[in-house]
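Report on the structure given below.
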Amino acid sequence: MPDQLDAVIDTAAPDAAPYDALLLLSFGGPEGPDDVVPFLQNVTRGRGIPEERLKEVGQHYFLFDGISPINEQNRHLLDALRKDFAAHGLDSLPVYWGNRNWAPYLTDTLREITRDGHRRIAVLATSAYASYSGCRQYRENLAESIALLKEEGLTPPRVDKLRHYFNHPGFVGPMVDGVLKSLAELPDEVRAGAHLAFTTHSIPTAAADTSGPVEAHGEGGAYVAQHLDVARLIADAVREATGVADRPWQLVYQSRSGAPHIPWLEPDICDHLEALHGEGAPAVVMVPIGFVSDHMEVLYDLDTEASAKAAELGLPVARSATVGADPRFAAAVRELLVERAASERGRTVRPCALGALGPSHDLCPVGCCPARAPKPAAGADSPYA
């Protein structure tokens, strides 16, 4: 949507200055059976969870030979980003990859970036929405890694995390196409009446309520509001494409973990499928809008667990694709990078965004997705924001 970006992007050659590298920052995942427990130990570090419990938790990884697809998905995205950058005059800008919880580890990648001589890098996190675990925790990890490198006597680069992209056309468009493809795969007799179940990761309600800037805090916070906005965008586009004006949809949740006495966002996808079946819904398309790629929580919680529940109920279901390495998403990352670079150079930029909420902030304000305890975090208007 070129009219939504100013001339910095529309008419000039893409310019990434002052950035001299891009870091793709992701969660990470095991790549074999022997990796599963060490990976889960990384994820749960500091919580005192015994190894036997971690083995129980890791059973869904063992169903897939201990391999999470997230690392391979990130390799595909890296390739897509490099191809897009090269095709648009940014081939001299290197793209690196680091993970929070598995190799390639973030600290190792930042050390490589530092030794390669880069001084200012933009960071694209594979999490599109506001929340502590989806934004601030990544910024805390960046701050921690930078501190470790300084202890080693290195001078790490300045890092700027790119804004949330949940409502960027390059993120929304591929998901619309995925829903249309899934609807086409349903039997003719149930297609028109199929419901849409937009799914995302459940988080504690307390974390949801304090997600986003302080003015967004309230029931569900920015986390729920942003997902609802994306769901509405997709539902509207699907209605226009199919001509089905009254297709029901709902935002639901998956992948809950943690103590059962702590309230988390509901309803769960499996409970939702059971409720829809009881109401006589003819079919359901599960739409994982909360996830950038088909990682383990999509493959297990939707393709395995939720699909098994639907089969038990006799309810036809389809699961639409995540964005993954779609070229439109790679182009969106380039636009986010060039947009932020222009802003850092003092240019006036009209950020590209769909829906009612508008573009997200570049710098996380004080009180945005607060931590459980004060801890340094990179990329904010206060190191403890």
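The values are calculated or read from the model by the stated rules, or taken from the named source; none is laboratory data. These figures come from a predicted structure and were not determined experimentally. Neighbour counts run over all protein chains shown; Cβ positions are idealised from the backbone, glycine included.
Summary of computed values
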{"read-out": "Subset of the stretch 107-155 (residues that are touching a helix residue (DSSP H, G or I) at 6+ places or on another chain (Cβ under 6 Å), surrounded by fewer than 22 Cβ atoms within 10 Å (Cβ to Cβ) and assigned to a loop (DSSP other than H, G, I, E, B))", "value": "L154"}
{"read-out": "Residue satisfying all of: in the stretch 248-275; closer than 21 Å to V238 by Cβ and of a type in the set (A, V, I, L, M); surrounded by the fewest Cβ atoms within 10 Å (Cβ to Cβ) among these", "value": "L251"}
{"read-out": "Among (1) closer than 30 Å to G117 by Cβ; (2) part of a helix (DSSP H, G or I); (3) of a type in the set (D, E), the one test that D160 misses", "value": "(2)"}
{"read-out": "Criterion: over 30 Å from T44 (Cα atoms), within 20 Å of the chain's Cα centre (by Cα) and outside any strand (DSSP E or B) - qualifying residue of L233, L276, L299", "value": "L233"}
{"read-out": "From the options A103, A87, residue that is out of contact with any helix residue (DSSP H, G or I) (no Cβ under 7 Å at 6 or more places or on another chain) and within 23 Å of E339 (Cβ to Cβ)", "value": "A87"}
{"read-out": "Where P14 falls short, out of the listed (1) under 22 Å from A122 (Cβ atoms); (2) in a loop (DSSP other than H, G, I, E, B); (3) at pLDDT 95 or above", "value": "(3)"}
{"read-out": "First in the stretch 265-285 and assigned by TED's automatic domain parsing to the domain that holds A208 and under 13 Å from S307 (Cα atoms), second anywhere and of a type in the set (S, T, N, Q) and part of a helix (DSSP H, G or I), Cβ under 9 Å, 6 or more apart", "value": "V285/S182"}
{"read-out": "Close pairs from the stretch 334-353: first not assigned by TED's automatic domain parsing to the domain that holds L22, partner outside any helix (DSSP H, G or I) and of a type in the set (S, T, N, Q), Cβ under 6 Å, at least 6 apart", "value": "A353/N167"}
{"read-out": "Criterion (in a loop (DSSP other than H, G, I, E, B) and out of contact with any Pro (no Cβ under 6 Å at 6 or more places or on another chain)) met by exactly one of E219, E215, E240, E189", "value": "E219"}
{"read-out": "Residues being among the polar types (S, T, N, Q) and either within 22 Å of the chain's Cα centre (by Cα) or not assigned by TED's automatic domain parsing to the domain that holds D20 (or both) - total across the stretch 90-123", "value": "4"}
{"read-out": "So G324, is it out of contact with any Lys or Arg (no Cβ under 6 Å at 6 or more places or on another chain), surrounded by fewer than 21 Cβ atoms within 10 Å (Cβ to Cβ) and modelled with pLDDT of 95 or more", "value": "yes"}
{"read-out": "Conditions (1) more than 17 Å from the chain's Cα centre (by Cα); (2) in a helix (DSSP H, G or I); (3) of a type in the set (A, V, I, L, M): number failed by V349", "value": "(2)"}
{"read-out": "Restricting the stretch 50-91 to residues that are of a type in the set (A, V, I, L, M, F, W, C) and within 17 Å of V323 (Cβ to Cβ), the residue that is surrounded by the most Cβ atoms within 10 Å (Cβ to Cβ)", "value": "I70"}
{"read-out": "Conditions (1) crowded, with 23+ Cβ neighbours inside 10 Å; (2) touching a helix residue (DSSP H, G or I) at 6+ places or on another chain (Cβ under 9 Å): number failed by V244", "value": "(1)"}
{"read-out": "Among (1) touching a Leu at 6+ places or on another chain (Cβ under 9 Å); (2) modelled with pLDDT under 95; (3) of a type outside the set (V, I, T) - the single one E52 does not satisfy", "value": "(1)"}
{"read-out": "Residue within the stretch 283-304 that is farther than 28 Å from S26 by Cβ and not aromatic (F, W, Y) present", "value": "yes"}
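Each row is one residue, and each column tells you yes or no for (1) more than 26 Å from F62 (Cα to Cα); (2) among the acidic types (D, E); (3) in contact with a strand residue (DSSP E or B) (Cβ under 7 Å, 6 or more places away or on another chain).
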residue	(1), (2), (3)
R232	yes, no, no
A241	yes, no, no
R247	yes, no, yes
S257	no, no, no
D268	no, yes, yes
V285	yes, no, yes
D294	no, yes, no
L299	no, no, no
A306	no, no, yes
